[in-house]
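Peer 1: Sharing a structure, written as structure tokens. Questions coming.
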């Protein structure tokens, strides 16, 4: 059975959600669908594959939840988040110094900062690299070192704009807890009233030559953890697989988990556009049984997402990530 297809309708309340730094794979656009699926009585949002923490930032920005926990296995990324939340002003000062110092020779300066970051893992260097690297796409080598090149067409976010972003993000995320390490500890800590949003690495994009993540994800172990969460009645929302054009990345999760499977029309693929192709991306979204029940059942979930619901056919070809 083809999952219901949801076309994203933008929410006016999310028009001014801040974002601290660019990050490929960010779920900022999907927040327009995900946030309406968080019940009104949810005290806490847990995001254990945080990345740019787009869903948590959006949820806190509109006070959809009282607080949030964000975590990631990428320790330098979580160190950056702690700096944003605890001392955004000093971080902005450091970024301004780096941005200004680059002006004489941006190419060699970027490489110098990359070397410093790989040696120290200090957050100001990471922020600068995120602002200047190609397509905001983080890449690591087999030693776990940042190895993405610079986008030489631009110098990165200007210091005044970056300072504003850091301030607004820090304010939105006041009271947020930041954790480093595997998703499992955060998922295991979920309480009945919480909602967990998970955006794990897609299959086929880890443990390859241009690694996008510091650590891969064992599918069988992940499925077992999801089954345990379902058994504990954890309310969770999960992004996992999808389709771009005629190509599929990842394999849909098994029906035996009992999850409500939705397809989200996420718009044109930016990578395909760069290749001269006009392909759209369809992303899978899964809702746990406990969350579906809290929302009133599958018909109520689809009603929440009206008038965006329809069911056109999707392509079934197996394939790679966008």
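The values are calculated or read from the model by the stated rules, or taken from the named source; none is laboratory data. If you're wondering where the values come from, they're calculated on a predicted model, not measured in any experiment. No Cβ is skipped: glycine too gets one built from the backbone with ideal geometry, and neighbour counts run over all protein chains shown.
Peer 1: Of the residues that make up segment 54-75, is at least one surrounded by fewer than 20 Cβ atoms within 10 Å (Cβ to Cβ), in a helix (DSSP H, G or I) and touching a strand residue (DSSP E or B) at 6+ places or on another chain (Cβ under 9 Å)?
Peer 2: Scanning segment 54-75, I find at least one residue that is surrounded by fewer than 20 Cβ atoms within 10 Å (Cβ to Cβ), in a helix (DSSP H, G or I) and touching a strand residue (DSSP E or B) at 6+ places or on another chain (Cβ under 9 Å), so the answer is yes.
Peer 1: From the list 73, 65, which one is closer than 15 Å to residue 236 by Cα and touching a residue at least 12 places away in the same chain (Cβ under 8 Å)?
Peer 2: Being closer than 15 Å to residue 236 by Cα and touching a residue at least 12 places away in the same chain (Cβ under 8 Å) holds for just one of 73, 65, which is 65.
Peer 1: Given the residues 22, 36, which is the only one that is assigned to a loop (DSSP other than H, G, I, E, B), in contact (Cβ under 8 Å) with a residue 40 or more places away in the chain and either buried (at least 24 other Cβ atoms within 10 Å of the Cβ) or in contact with a helix residue (DSSP H, G or I) (Cβ under 7 Å, 6 or more places away or on another chain) (or both)?
Peer 2: 22
Peer 1: Any residue in segment 99-106 that is more than 18 Å from residue 18 (Cα to Cα), in contact with a helix residue (DSSP H, G or I) (Cβ under 6 Å, 6 or more places away or on another chain) and surrounded by 16 or more Cβ atoms within 10 Å (Cβ to Cβ)?
Peer 2: yes
Peer 1: Looking at residue 42 and the list (1) assigned by TED's automatic domain parsing to the domain that holds residue 31; (2) surrounded by fewer than 20 Cβ atoms within 10 Å (Cβ to Cβ); (3) in a helix (DSSP H, G or I), which single condition is not satisfied?
Peer 2: For residue 42, the exception is condition (3).
Peer 1: Checking residue 156 against (1) modelled with pLDDT of 95 or more; (2) in a loop (DSSP other than H, G, I, E, B); (3) surrounded by 14 or more Cβ atoms within 10 Å (Cβ to Cβ); (4) assigned by TED's automatic domain parsing to the domain that holds residue 45: exactly one of these is not met. Which one?
Peer 2: (4)
Peer 1: Here is a further query. Any residue that is in contact with a strand residue (DSSP E or B) (Cβ under 8 Å, 6 or more places away or on another chain), modelled with pLDDT of 80 or more and either on the phi > 0 side of the Ramachandran plot or surrounded by fewer than 22 Cβ atoms within 10 Å (Cβ to Cβ) (or both) - is there at least one of those in segment 199-216?
Peer 2: Yes, that holds for at least one residue.
Peer 1: Would you mind finding the one in 121, 139, 107, 97 that is farther than 30 Å from residue 36 by Cα and at pLDDT below 95?
Peer 2: Among 121, 139, 107, 97, only 139 is farther than 30 Å from residue 36 by Cα and at pLDDT below 95.
Listed here are the residues, each with its yes/no results for (1) more than 22 Å from the chain's Cα centre (by Cα); (2) at pLDDT below 90; (3) exposed (fewer than 12 other Cβ atoms within 10 Å of the Cβ).
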| residue | (1), (2), (3) |
| --- | --- |
| 265 | no, yes, no |
| 268 | no, yes, no |
| 275 | yes, yes, yes |
| 281 | no, yes, no |
| 287 | no, no, no |
| 291 | no, no, no |
| 294 | yes, no, no |
| 299 | yes, no, yes |
| 308 | yes, yes, no |
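Peer 1: Within segment 127-147, how many residues are in contact with a helix residue (DSSP H, G or I) (Cβ under 6 Å, 6 or more places away or on another chain) and in a loop (DSSP other than H, G, I, E, B)?
Peer 2: Of the residues in segment 127-147, 1 are in contact with a helix residue (DSSP H, G or I) (Cβ under 6 Å, 6 or more places away or on another chain) and in a loop (DSSP other than H, G, I, E, B).
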